[in-house]
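As C-alpha cells, the structure follows; a few thoughts come after it.
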Amino acid sequence: MSTGFPATLAAVERERRDIVSGAVMDEARLIRFVAGPDGVVTPDLARKLPGRGLWVAADRAAVAAAAKKGLFARAAKAKVTAPPDLASLVESLLKRRLLSGLGLARRAGDLTFGFEKVAAAIAAGKAAWLVEASDGAADGRRKLWGKTRKQSPPTPIFGVFDAAELGLALGAENVIHTAFLAGRAADRWAQDALRLSGFCPLLPESWREEP
C-alpha cells in the first residue's frame with residue numbers, strides 16, 4: 001500500500017539551503033527553525049516567527065544531526081543551543097498541525113467522513129487524500145483502498161492517527177474513514193504530510209502487506 005503524493009506538491013514559493021547537507025531544496029521539504037530570545041532553537045512550522053531562519057531537511061536524521069553537531073550555532077554565527085529531542089518535538093508539532101488542518105477543513109467543507117460519503121468522494125475523483133484511522137477495521141479500509149486504485153493517479157492514503165484522535169479533531173465520534181477533498185487546503189495539508197513522512201511512517205507497518 002503506497003501513500004503517494006499529489007503532483008501539486010511540486011509548486012512551492014521558494015528554495016532554501018539545508019544547513020546539514022548544504023543542498024538547496026524546496027521549502028516544502030524543509031523545516032524552518034529560529035533561535036528564541038533565550039538562544040534555544042525552536043521549530044517554526046508556519047514559517048512566520050521573527051528572526052533569521054535556519055533551514056533543515058524535513059528528516060529525523062538531519063534534524064538530529066543539526067542539533068548534535070552544533071550546526072545551528074554555526075549557521076546562525078551565534079551562541080545558540082538545540083534540545084537533544086528536537087526531532088521528536090518536530091514530529092509532535094507536525095502531527096498537531098495536521099490534526100488542526102483536518103479540523104479546519106471539516107469546518108470549511110473541505111473534508112467528509114463516513115464510509116459511504118468517502119466512497120462517493122473517491123468515485124467522483126474529488127478526494128485528494130484518504131485519511132484512515134490507524135485502528136480501524138481492515139475490511140472497510142481495503143474496500144476504499146480498492147476504489148482509490150481506480151483513480152489516476154491513485155488517491156494517497158494517510159494512516160497516522162487513531163479514531164479517537166480523528167474524532168477529537170473533527171468534533172465527532174468513531175471517525176474511521178475520512179476524505180480530504182481536492183483544493184488549496186488539501187495542497188497545503190499535503191506539504192505537512194510530506195514533511196511528517198521524514199519523521200515517521202504515514203502508514204502503520206501492519207498495513208504494508210495489505211493488497
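The values are calculated or read from the model by the stated rules, or taken from the named source; none is laboratory data. These numbers come from a predicted model, not from an experiment. Backbone-built Cβ (ideal geometry, glycine too); neighbour counts: all protein chains shown. Accessible surface is based on the protein model in full, side chains and every heavy atom, while ligands, DNA and RNA are left aside. Shrake-Rupley method; radii C 1.70, N 1.55, O 1.52, S 1.80 Å.
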Margin query: So, residue 155, is that one under 20 Å from residue 105 (Cα atoms) and of a type in the set (Ser, Thr, Tyr) or not?
Written below: yes
Check: Are any of the residues in the range 189-211 of a type in the set (D, E, K, R), at pLDDT below 95 and open to solvent by less than 40 Å² (accessible area, probe 1.4 Å)?
Finding: yes
Check: Yes or no: residue 175 within 20 Å of residue 104 (Cβ to Cβ), hydrophobic (A, V, I, L, M, F, W, C) and under 12 Å from the mean Cα position of the chain (by Cα)?
Finding: no
Margin query: Looking only at the range 102-148, count every residue that is of a type in the set (S, T, N, Q) and open to solvent by 10 Å² or more (accessible area, probe 1.4 Å) and tell me the total.
Written below: 2
Next item on the list: Please find, within the range 138-157, the residue that is farthest from residue 127 (Cα to Cα) out of those that are part of a helix (DSSP H, G or I) and touching a strand residue (DSSP E or B) at 6+ places or on another chain (Cβ under 7 Å).
Entry: 140
Item checked: Unmet criterion (only one of (1) open to solvent by less than 70 Å² (accessible area, probe 1.4 Å); (2) at pLDDT 95 or above) for residue 151 -> (2)
Next item on the list: Scan the range 166-186 for residues that are in a helix (DSSP H, G or I) and crowded, with 18+ Cβ neighbours inside 10 Å and jot them down.
Entry: 166, 169, 170, 185, 186
Notebook entry, point to check: Looking at 89, 45, 93, which one is closer than 26 Å to residue 183 by Cα and either in contact with a Gly (Cβ under 7 Å, 6 or more places away or on another chain) or part of a helix (DSSP H, G or I) (or both)?
Noted result: 93
Notebook entry, point to check: Quick one: how many residues across the range 54-70 are surrounded by 18 or more Cβ atoms within 10 Å (Cβ to Cβ) and assigned to a loop (DSSP other than H, G, I, E, B)?
Noted result: 2
Check: Scanning for something at pLDDT below 95, out of contact with any Phe, Trp or Tyr (no Cβ under 7 Å at 6 or more places or on another chain), closer than 27 Å to residue 205 by Cβ and among the small types (Gly, Ala, Ser), does the range 80-94 turn up at least one residue?
Finding: no
